[in-house]
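*Asks:* Sharing a structure, written as structure tokens. Questions coming.
Coordinate-derived values only; no laboratory data. Here the structure is a predicted model, which is why all the values come from computation and not from measurement. Backbone-built Cβ (ideal geometry, glycine too); neighbour counts: all protein chains shown.
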Amino acid sequence: MAALLPATVIWAAPLMAAPTAPPTGTNSVLSVFILPTSPAAGRDPFFPQSNRTYETAGTITNRNVEVTALVLKGFSGSPDHRLVIINNHTFAAGDAGDVTTSQGRIHVRCVEIKSRSVVIEVDGQYHELTPSDNP
């Protein structure tokens, strides 16, 4: 019986999986979705008779105009964790979210909260809002 034990261990060793290196990412493919602008460009497979995708396609507006609709309502939080309120939406430094304005939704990222202002990013452009910016 003792003679069979080493043979069993040698036989089972090749069955163990060798560690593999993580993929390098050179062959990775990114998924890209393009919103169709007409029924000829594509349809919603779940609602093929719907026109809602074509109504919203191509409605990109000038974001500089929309930034003027952002209102800095105030500051809150403790001194070590400051918060800012923009159009009734609360942000901490580094937070991002959609803010509702009279011109529609604007995706805002709070970059930095200063003592009397806030630096935000909208579509890659930085803006500084102060309480005096309120209309």
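*Asks:* What is the calculated FRET efficiency for Gln49 to Asp98, with r their C-beta to C-beta distance and R₀ = 30 Å, to the nearest 0.05?
*Replies:* Details: r = 29 Å, r/R0 = 0.96.
With R0 = 30 Å, the Cβ-Cβ based efficiency is 0.55.
*Asks:* Rounded to whole Hz and in sequence order, give me ³J(HN,Hα) for region 109-116 from the Karplus expression 6.51 cos²θ - 1.76 cosθ + 1.60, θ = phi - 60°, writing x for Gly and Pro.
*Replies:* Result, rounded to whole Hz: 10, 7, 8, 8, 10, 9, 5, 10.
*Asks:* Between Ser78 and Val32, what length in nm is gained on full extension when 0.36 nm per residue of separation is reduced by their alpha carbon distance? Walk me through the numbers before you get to the answer.
*Replies:* Values: separation 46, 0.36 × 46 = 16.56 nm, distance 4.16 nm.
Result: 12.4 nm gained on full extension.
*Asks:* Still on this model: Would you pull out the residues with amide H under 5 Å of Val71's amide H, same chain only if 5 or more places away, H placed 1.01 Å from N?
*Replies:* Close amide H contacts, sequence-distant or interchain: Asn87.
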